[in-house]
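Undergrad: After the structure tokens below, expect a handful of questions from me.
The values are calculated or read from the model by the stated rules, or taken from the named source; none is laboratory data. All of these numbers come straight from a predicted model, not from anything done at the bench. Here the Cβ positions follow ideal geometry from the backbone for every residue, glycine too, while neighbour counts run over all protein chains shown.
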Amino acid sequence: MDRSDILDSASSWQRLLVALLIGLVANAGMWAVVVIMPAVEAEFALTRADTSLPYMLSMLGYGLGNFIIGRWVDRVGIATALTGASFGIAASFFAATQAGNIGVLAAIHFILGLFAAVGFAPLMSDISHWFIKWRGTAMALVASANYLSGAVWPTVLAGVLAQSGWRATYQTLAVITIVVVLPLAVLLRRRVPDSADGASVDATPNRGNIRMSPARLQLYLGFAGVACCVAMSMPQVHIVTYCVGLGYGPVAGAEMLSLMLFGGVLSRIFFGLLSDRLGGVRTLLVGSALQCLGLGLYLPYDGLVSLYLVSLIFGLSQGGIVPSYALIVREYMPAEEAGARVGFVLMMTIWGMARGGWMSGWIYDVSGSYQMAFLNGIVWNLVNIGLVLALFFRKPAPLRPIAAR
């Protein structure tokens with residue numbers, strides 16, 4: 001079987017569409033907690049930092065799940081992983097509805113995040129084996145399912161949340177996960193045939209070009225990912241509670257979150273196309289700089305209309321950052337290690353989101369204002385830009401793409 005029969009083929013694009021639909025549902029476990037935060041805060045009479053605990057634990061689990069499930073996918077394939085994880089997601093949603101205090105709820109969200117991670121790095125790693133010319137675009141499109149999930153579900157479930165509460169919302173998501181993910185997982189049972197190995201290109205020239213060992217590069221990207229995602233988390237995690245504090249209400253905040261994440265979807269598509277021309281490192285540098293500018297716009301503007309506009313700008317500015325890390329891994333590291341290495345780097349970015357989400361809540365509790373939290377995010381963003389610049393000047397442009405093994 002010729003390379004053209006496998007890589008960048010019609011079946012590759014069909015697989016990508018299925019992965020998008022799965023990611024749309026599986027990632028609901030990551031974003032649902034953001035929308036229910038005001039209701040949980042009121043029910044359990046919590047501080048803003050304590051209210052952030054379920055989100056922080058879910059992100060820690062989500063990050064770890066990207067690494068663990070990524071390694072599992074390298075061994076057994078994505079279909080088996082999706083089947084097991086879908087049951088785990090549904091069970092976690094149901095268990096959360098029985099929580100009687102914030103500690104139990106936060107612990108359950110750790111497990112929920114662990115299983116929900118199947119819809120992010122593992123799917124990105126799997127689809128990367130099916131493309132070479134359009135690999136950056138394909139990985140960015142699959143990654144966009146994460147943001148699309150955050151844009152869609154808060155709006156779709158707003159009526160359930162308002163009329164029946166957050167527990168009914170979680171029960172609805174549990175049923176949807178089983179009904180949608182299980183049948184679609186069957187469509188991804190096929191793996192890249194051994195005959196496609198002839199299309200592979202050895203990764204060694206790329207590793208030599210970046211002048212950094214795979215292990216060291218993996219750690220370096222992980223630290224850079226933490227820095228950028230501490231900054232990224234401030235608006236994404238706290239926009240709903242920020243709007244409540246300003247007197248605009250949770251509905252306006254949820255709409256801004258949806259607008260922000262929809263902008264992120266468009267951004268990921270654009271930056272995916274861009275990365276196929278510029279490579280991962282250059283795309284990451286552009287995205288990080290734009291995110292810093294977008295984050296800075298929250299400082300002078302807090303009017304209702306202004307926040308809608310700034311949230312859209314922020315989403316458009318930063319959506320391509322996280323897929324760029326995954327693309328760098330695929331450009332400079334062996335394909336047979338893709339699941340584990342992509343999973344590790346994205347685990348670090350997600351842990352940055354978790355730390356940033358809690359940190360912003362703590363800063364608010366101490367200062368009584370989100371202005372210092374926005375400034376904290378900008379500082380972390382500048383650290384990320386410095387790290388990416390250092391990587392850029394190591395002349396890391398890949399000599400050639402690395403196809404699947």
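Undergrad: Can you say whether residue 20 is at pLDDT 85 or above, touching a Phe, Trp or Tyr at 6+ places or on another chain (Cβ under 8 Å) and not polar (S, T, N, Q), as far as the supplied structure shows?
TA: Answer is no for this residue.
Undergrad: Quick one: in the range 107-133, of everything that is of a type in the set (Gly, Ala, Ser) and at pLDDT below 90, which residue is farthest from the chain's Cα centre (by Cα)?
TA: 128
Undergrad: Go over the candidates 34, 118 one by one and state the one that is closer than 16 Å to residue 339 by Cβ, crowded, with 23+ Cβ neighbours inside 10 Å, in contact with a Leu (Cβ under 9 Å, 6 or more places away or on another chain) and aliphatic (A, V, I, L, M).
TA: 118
Undergrad: Among the residues of the range 209-253, what is the count of those that are in a helix (DSSP H, G or I), at pLDDT below 90 and among the hydroxyl-bearing types (Ser, Thr, Tyr)?
TA: Summing the residues that are in a helix (DSSP H, G or I), at pLDDT below 90 and among the hydroxyl-bearing types (Ser, Thr, Tyr) in the range 209-253 gives 3.
Undergrad: Checking the condition buried (at least 17 other Cβ atoms within 10 Å of the Cβ), in a helix (DSSP H, G or I), over 20 Å from the mean Cα position of the chain (by Cα) and among the hydrophobic types (A, V, I, L, M, F, W, C), which residue from 284, 307 passes?
TA: Testing whether each residue is buried (at least 17 other Cβ atoms within 10 Å of the Cβ), in a helix (DSSP H, G or I), over 20 Å from the mean Cα position of the chain (by Cα) and among the hydrophobic types (A, V, I, L, M, F, W, C) leaves just 307.
Undergrad: Could I ask something else about it? How many residues, within the range 44-93, are in a loop (DSSP other than H, G, I, E, B) and in contact (Cβ under 8 Å) with a residue 40 or more places away in the chain?
TA: Qualifying residue count, the range 44-93: 4.
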